[in-house]
Structures are given as structure tokens and as C-alpha cells.
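To start, the structure itself, in C-alpha cells.
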Ligand SMILES: Cc1cc2nc3c(=O)[nH]c(=O)nc-3n(C[C@H](O)[C@H](O)[C@H](O)COP(=O)(O)OP(=O)(O)OC[C@H]3O[C@@H](n4cnc5c(N)ncnc54)[C@H](O)[C@@H]3O)c2cc1C
């Protein structure tokens, strides 16, 4: 096992898809003296629960652009890392259940045009041909995006980590950030322990800290002084769908279709910690009385 460095340029806290992606992008931009610290195992957080649905449409054009970029990025990291990301392009359908929603789709379709998206407006009958499982009497129209689909969130995270590692970054698992402080010169000190044993792993000095703690971002922030807002959607949709059907969005209820969506979603969209072995919500509190992630 490689020892933790004592100094580095950037410490990324959290080994979900966001932390791993930040790590990869830092190395791509030439910042190779960078370290990711993950409390348990890569993808142990909400990334593990994700259905991995990829969507290009968003009310915010910047987010829509970012989503488009990400779809291309999955292909890139799969190639660079050699790690399978489970990219499956099924196409995606958004169904409108009334005229007001259909207007919204027309608007989204027009906006998609100037963002370079190739969406198509469909009649209910056309949508039904692509996705036979819905009851057309509840809908008035639809929009189709051929570029939507799903990925394997674990594969993607490991691909980012592998590609970043190949560029010089370090990834340390079983490493829990318990406290942060900052010197008067602006140097961060990141205090760590080995999660499984409670052993003190010492401090890393760095110029920048990235809080990629996901659902625990608030607790990570409290290691210092940030109060990061986080939110958790609360619903438990179930769907008898397969992996090859187009991803589908209804407006009154959101259903995403992807590998093992049903089980994962039912389990993951809840405010209580799940029973997933090793999930951070079930970690025993280690020795020490830091307020960070306790
Ligand atoms: C049921 C479900 C379905 C979803 N479906 C989709 C979908 O179809 N498409 C989509 O795009 N998104 C989906 N999402 C959302 C997506 O999963 C999240 O947006 C994404 O996983 C967030 O990643 P993250 O890296 O920010 O957080 P996380 O994956 O939670 O990662 C945070 C990591 O930080 C670590 N950590 C926390 N505190 C510390 C500390 N002090 N020291 C070290 N490490 C620490 C944790 O162990 C964890 O591994 C879904 C989410 C859920 C729950």
C-alpha cells in the first residue's frame, strides 16, 4: 500500500463519481500532484445507488451543455482507461401528460436546437412504438432524444480513477478525513485516519481542498467552516422495465430506466441509510472526537 503523501497540490475528499471526475479533470489540465481520499471504497456513496441514466435535456442551458459533454466524456475515459463504463445508448423519451407539458416540450425542443441537440417531437402513437409499456390514454405527446441512455456508475468512477492514476494522481481508500485547518499562509492541513482501524494516518498539507463528499458534503464542510447545502429526493418508484428500452421521463412521476434500476432506486431514494455493507451510513464511529462526518 502506498503511504499518504505529506504534501500535495490538491486533496479531493470523496471517491464518488464527482470526486473521481474532478481528479481526472485536474490531471488532464496538468495538475498531476493530486490525491483523492475516500473513506471506504470508491462508489460507496450515492454513486453506488445511481441508475446511471444519461440525459441531455435540462432547463438550464449550461447544465444541458455539461450533460452533452459528459456523454462524450464517458466514451473518452473508457478508451483512455480501458475500463468498461457500460455505455448503453437507448434513446430517451419525455412524455407529456397535458397540453401545458407538451408546450414545455416544444419549448425544450426549440432550445435544444440552438444547443446542437437532435431532439424530435413525437405523437403518442410514435412514442408507443418505441416504448410499448405505457398506456397512451394518459398522454398527449412526447419528445425523443436519440443520445440518451445509461452507463454503469461504478465502471465510470473506476475509469476516472484509473485514468487519473495513469496521469500521476493517487487514490487512497479506507482513508477518512476527520478535520481540516488552514494556516495563516493559506496552506490546508487535511487530517486523516484509517477508517477500518482508527489508526492516525497523519496530515497532508495542500494548496487546495475539493469537497466531493456528496451527501456528506455538509459534514465534510463542517470539518472547516463551510455549511454546504445538500438535498435528497424522496420517492421510491418501481418499474418492470428492461435495460434496452428508451429512458423515459414522465412529468408527474419520474422513472429512469437502467441496469438494476428497480432494486437500486427502491433502495436508494430514501432518507435513511441503506443496508449496503460498507456504506458510509453504517460505519462505526472511529476513535477520536472530531466533529467531521461523525
Ligand atoms: C437511487 C438513485 C438513483 C440515481 N439515478 C441517477 C441517474 O439515473 N442519473 C444521474 O445522473 N444521477 C443519478 N443519481 C444521482 C447520482 O447518483 C449522484 O448525483 C452522484 O452519485 C453523486 O456523486 P458524488 O460523488 O457527489 O457523491 P457520492 O457518490 O455520495 O460520493 C461521496 C463520497 O465521499 C465519501 N466521503 C464522505 N465523507 C468523507 C470524508 N470525510 N473523508 C473521505 N471520504 C468521504 C463517501 O464515502 C462517498 O464515497 C441517482 C441517485 C440515487 C440515490
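Readers should treat all values here as calculations from the given coordinates under stated rules, not as data from a laboratory. Just so we're clear, the structure is a prediction, and the values are computed from it rather than from any experiment. Methodologically, a virtual Cβ is constructed for each residue, glycine included, from the backbone with ideal geometry; neighbour enumeration extends over all protein chains shown.
How far apart, in nanometres, would the label points at residue 183 and residue 115 be if each is projected 7 angstrom from Cα along the Cα-to-Cβ direction?
4.5 nm
Could the peptides 152-161, 207-216 be put in order, highest first, of the mean number of other beta-carbon atoms found within 10 Å of their residues? It would help to have the intermediate numbers written out before the result.
Numbers: 152-161: 24.8, 207-216: 20.2.
Ranked by mean Cβ neighbours within 10 Å, highest first: 152-161, 207-216.
Suppose a student asked you for the relative contact order of the range 122-180, using Cα pairs under 8 Å spaced at least 6 residues apart; what percent would you report? Don't skip to the answer; put the middle values down first.
Numbers: 21 pairs, mean separation 14.6, N = 59.
Result for the range 122-180 is 25 percent.
Rounded, prolate or oblate: which fits the range 56-97, taking a ≥ b ≥ c as square roots of the Cα gyration tensor eigenvalues, rounded meaning a/c under 1.5, else prolate when a/b beats b/c? Provide the component values of the computation, followed by the final result.
On the way: a/c = 5.14, a/b = 1.69, b/c = 3.04.
Oblate is the answer for the range 56-97, as a/c is 1.5 or above yet b/c matches or exceeds a/b.
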